[in-house]
1. Determine if the stretch A:17-33 includes at least one residue that is loosely packed, with under 15 Cβ neighbours inside 10 Å, out of contact with any strand residue (DSSP E or B) (no Cβ under 6 Å at 6 or more places or on another chain) and without any contact (Cβ under 8 Å) to a residue 12 or more places away in the chain.
2. Kindly state which strands (runs of 3 or more DSSP E) lie completely within the stretch A:1-104 and contain at least 2 residues that are modelled with pLDDT under 95 and within 11 Å of chain B (Cβ to nearest Cβ).
3. Please go through the stretch B:4-47 and pick out each residue that is of a type outside the set (G, A, S) and in contact with a Lys or Arg (Cβ under 6 Å, 6 or more places away or on another chain).
4. Taking B:L83, is it closer than 18 Å to B:G3 by Cα, out of contact with any Leu (no Cβ under 9 Å at 6 or more places or on another chain) and aliphatic (A, V, I, L, M)?
5. Going by what's in this entry, would B:E82 be described as farther than 24 Å from B:H10 by Cβ and either of a type in the set (D, E, K, R) or surrounded by fewer than 19 Cβ atoms within 10 Å (Cβ to Cβ) (or both)?
6. Among the residues of the stretch A:98-110, which ones are under 12 Å from B:Q44 (Cβ atoms) and crowded, with 23+ Cβ neighbours inside 10 Å?
7. Of the residues that make up the stretch A:1-11, is at least one in contact with a Leu (Cβ under 9 Å, 6 or more places away or on another chain) and small (G, A, S)?
8. Which members of the stretch A:43-58 meet the condition of being within 30 Å of B:T109 (Cβ to Cβ) and either loosely packed, with under 15 Cβ neighbours inside 10 Å or touching a residue at least 24 places away in the same chain (Cβ under 8 Å) (or both)?
Amino acid sequence: GESVGLHLPTLSVQEGDNSIINCAYSNSASDYFIWYKQESGKGPQFIIDIRSNMDKRQGQRVTVLLNKTVKHLSLQIAATQPGDSAVYFCAETGRRALTFGSGTRLQVQP
Amino acid sequence: ETGVTQSPTHLIKTRGQQVTLRCSSQSGHNTVSWYQQALGQGPQFIFQYYREEENGRGNFPPRFSGLQFPNYSSELNVNALELDDSALYLCASSLNMVRSTEAFFGQGTRLTVV
């Protein structure tokens, strides 16, 4: 498959460890913040979102934290698996357009 | 799979040519958004179509244009192609312009301009 990004920051973790991917956003007026996973040759896949009036939201094996004071968003993946290897993007949105960050490549070592 | 399909998956064009990319939205969705993703970067919003009308546009020149058809499928047209237009073009469909968290992406069309 094609490469999504060749020069992205890379986070390398051991299988079974927890992963934390960080993102800084710019627009304080965004309603929602979202994390997407993009595997090679595919479009972005929704993982989890958080509304701007929340600071934490949990899903299955994933947790998103929002710190509006410093405009910071993080994605925590518990018990990282080889299938989690991908590029992860944070995005912010109002009603129409998604504004994506530059992405982080997650590599899971067996 | 999201139910959003794009065609073609890959194509190569020469600088100065025109190209048309196609997107079939997920069943029941009436809103289609187009994004350009350069290598190593996040997707950038081009424009959105809702019920056959353009409903918001990003920072792209007029040579990027689009259409949405009565069945809500959509086309992205790019005229006078430039080398920097080489990218992955993504479409996302959603229902009634609801918050973009409920948008589903296709697999993209990889355009190479030589």
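The values are calculated or read from the model by the stated rules, or taken from the named source; none is laboratory data. As the structure is a prediction and not an experimental result, all values here were calculated from the model. Because the Cβ atoms are built from the backbone with ideal geometry, glycine has one as well, and the counts that use them run over all protein chains shown.
1. no
2. Details: elements: A:10-14, A:19-24, A:32-38, A:45-51, A:56-58, A:62-67, A:72-77, A:86-93, A:98-100.
Answer list for the stretch A:1-104: A:32-38, A:45-51, A:86-93, A:98-100.
3. Within the stretch B:4-47, B:H10, B:V19, B:N30, B:F47 qualify.
4. Values: closer than 18 Å to B:G3 by Cα: no; out of contact with any Leu (no Cβ under 9 Å at 6 or more places or on another chain): yes; aliphatic (A, V, I, L, M): yes.
Considered against the rule, which asks whether it is closer than 18 Å to B:G3 by Cα, out of contact with any Leu (no Cβ under 9 Å at 6 or more places or on another chain) and aliphatic (A, V, I, L, M), B:L83 comes out as no.
5. Criteria not met by B:E82.
6. Within the stretch A:98-110, A:L98, A:F100 meet the criteria.
7. Our first condition is that a residue be in contact with a Leu (Cβ under 9 Å, 6 or more places away or on another chain); within the stretch A:1-11, this holds for A:2-7, A:10-11.
Filter once more, so that each one left must be small (G, A, S): A:3, A:5.
So far as the stretch A:1-11 goes, yes, one or more of its residues are in contact with a Leu (Cβ under 9 Å, 6 or more places away or on another chain) and small (G, A, S).
8. A:P44, A:Q45, A:I47, A:I48, listed by residue number.
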